[in-house]
Amino acid sequence: MLGQLSAPKNLCLLRLSAIGDVCHAVAMVQNIQRQWPETKITWVIGKIEASLLSGMAGVEFVIFDKKAGLKGYRDLREKLKGQQFDILLHMQVALRASLASLCIPAKVKIGFDNQRAKEGQWLFSNKKIAAQTQPHVLDGFMGFAKALGLEVAAPLWKMPLSDEDQLWASAKLSAGNPLDKPIAVICPAASKAERNWHAEGYSKAAQHLNARGFKVVICGGPTTMEKLLAEAIISRSDFSKGDNEILNLVGRTSLKQLLAVLKVAHLVIAPDTGPAHMAVTVGTPVVGLYAHSNPKRTGPYLYPQYVVSAYESAIQQQYKESVANLPWGTRAKGKDLMMQISIAQVNKTIDRVIKDNYAELL
């Protein structure tokens, strides 16, 4: 703990990726800004992640190109030449990030506690956050605000969304929704295919949503895997005709536009993937589907009650131990773990979201 008595003049944050993690980091940054409004904040970040957060009030983004090899480090050093930060918050344990921290001139470099400072991160910091017991990733990040001597309250997000992006989302969703139904977004794909639920399950969830009066929208990135999964879901959904037709936006949105779509939506279904956490930042309830990672660590932060998880049973089968007896963050392994999530469980959870949030709407 630094026990800061006064706000530093400037502060640098190092968190390069991934989308979900930078969404968690935004809550921490904006917590700092509310208490230290005069402190200048610089954020060293990845290119894709910067495209989501560009325009964020009071933050200067410096992009680190992780694909550029040694040139990426030279470029970062050049961009920060002549700067001297009072504090660096080193919030990523990957060795790549630790090497990037060498290019950031700062008097105080705060890293994770010894238990979490993996890949030698402890070698690259001169202060550490306090140890925590089984924290969610977001709470882990809030440990950096605590290390600065700041108060930590429930997370609040003010995501940078332009009127243009919000108008685009409203127009796109209205055009295929003449009956003005509430919107349910399915973001079916994670970066690793094994984290995805199956097309049959998603299609049955889409049919259930349609029967409950929702307009169903599928979103995702431009990869072949994501496009094929979306097509498989739609082809299995026999209701998808006329006004009920599923709107396929996979590969057709920027990250900002996707965030705007998630903001307009009434509920989101997603596995352990960035859009689930993006939805949390704009206050949209998320039905999170988990099997490989612990949802208590990486689940949708504001909506743990809507998680459908096969993680605990998978861990028990693989390690013959309960989650409580294993290192925090232990992952379950296997390509078919998501098959353990039943269609009935997901539909029941959808009904719970509706009852809790939209009983008067439907």
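Against the test of being surrounded by 14 or more Cβ atoms within 10 Å (Cβ to Cβ) and in contact with a Pro (Cβ under 8 Å, 6 or more places away or on another chain), the options D86, D75 yield a single qualifying residue, D86. Starting from residues that are of a type in the set (A, V, I, L, M) and within 19 Å of N177 (Cβ to Cβ), keep the ones in segment 208-225 and report whichever is nearest to the chain's Cα centre (by Cα). My answer is I218.
Within segment 170-194, residues that are on the phi > 0 side of the Ramachandran plot reach partners that are crowded, with 21+ Cβ neighbours inside 10 Å with beta carbons closer than 9 Å, at six or more positions or on different chains, in the pairs D180/K215.
Is it true that I129 is of a type in the set (V, I, T), free of Cβ contacts under 8 Å to residues at least 40 places away in the same chain and under 23 Å from V280 (Cβ atoms)? Taking the combined requirement at face value, the residue satisfies it. Filtered by the rule that a residue be farther than 20 Å from F141 by Cβ and either β-branched (V, I, T) or part of a helix (DSSP H, G or I) (or both), segment 279-306 gives T284, V287, Q305, Y306. Residues in segment 324-341 that are surrounded by 13 or more Cβ atoms within 10 Å (Cβ to Cβ), part of a loop (DSSP other than H, G, I, E, B) and touching a residue at least 60 places away in the same chain (Cβ under 8 Å): W328, G334, I341. When you look at R96, is it among the basic types (K, R) and in a loop (DSSP other than H, G, I, E, B), yes or no? It is false that R96 is among the basic types (K, R) and in a loop (DSSP other than H, G, I, E, B).
Conditions tested, residue by residue: (1) in contact with a strand residue (DSSP E or B) (Cβ under 8 Å, 6 or more places away or on another chain); (2) part of a helix (DSSP H, G or I); (3) modelled with pLDDT of 95 or more.
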| residue | (1), (2), (3) |
| --- | --- |
| A50 | yes, yes, yes |
| K71 | no, yes, yes |
| G82 | no, no, no |
| A131 | no, no, yes |
| A145 | no, yes, yes |
| P155 | no, no, yes |
| E164 | no, yes, yes |
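P155 falls short on exactly one of the conditions (1) out of contact with any Lys or Arg (no Cβ under 7 Å at 6 or more places or on another chain); (2) surrounded by 19 or more Cβ atoms within 10 Å (Cβ to Cβ); (3) in the same structural domain as A291 (by TED's automatic domain parsing), and that condition is (3). Please verify whether K181 is basic (K, R), outside any strand (DSSP E or B), touching a Leu at 6+ places or on another chain (Cβ under 8 Å) and more than 14 Å from L289 (Cβ to Cβ), treating the condition exactly as stated. No; evaluated as a whole, the condition is false for this residue. Checked against the criterion of being under 21 Å from G220 (Cα atoms), over 14 Å from the mean Cα position of the chain (by Cα) and β-branched (V, I, T), the candidates V287, V308 yield just one match: V308.
The values are calculated or read from the model by the stated rules, or taken from the named source; none is laboratory data. Treat the numbers as computed from the prediction; the structure is a model and nothing was measured. So basically every Cβ, Gly included, is an ideal-geometry build from the backbone, and we count neighbours across all protein chains shown.
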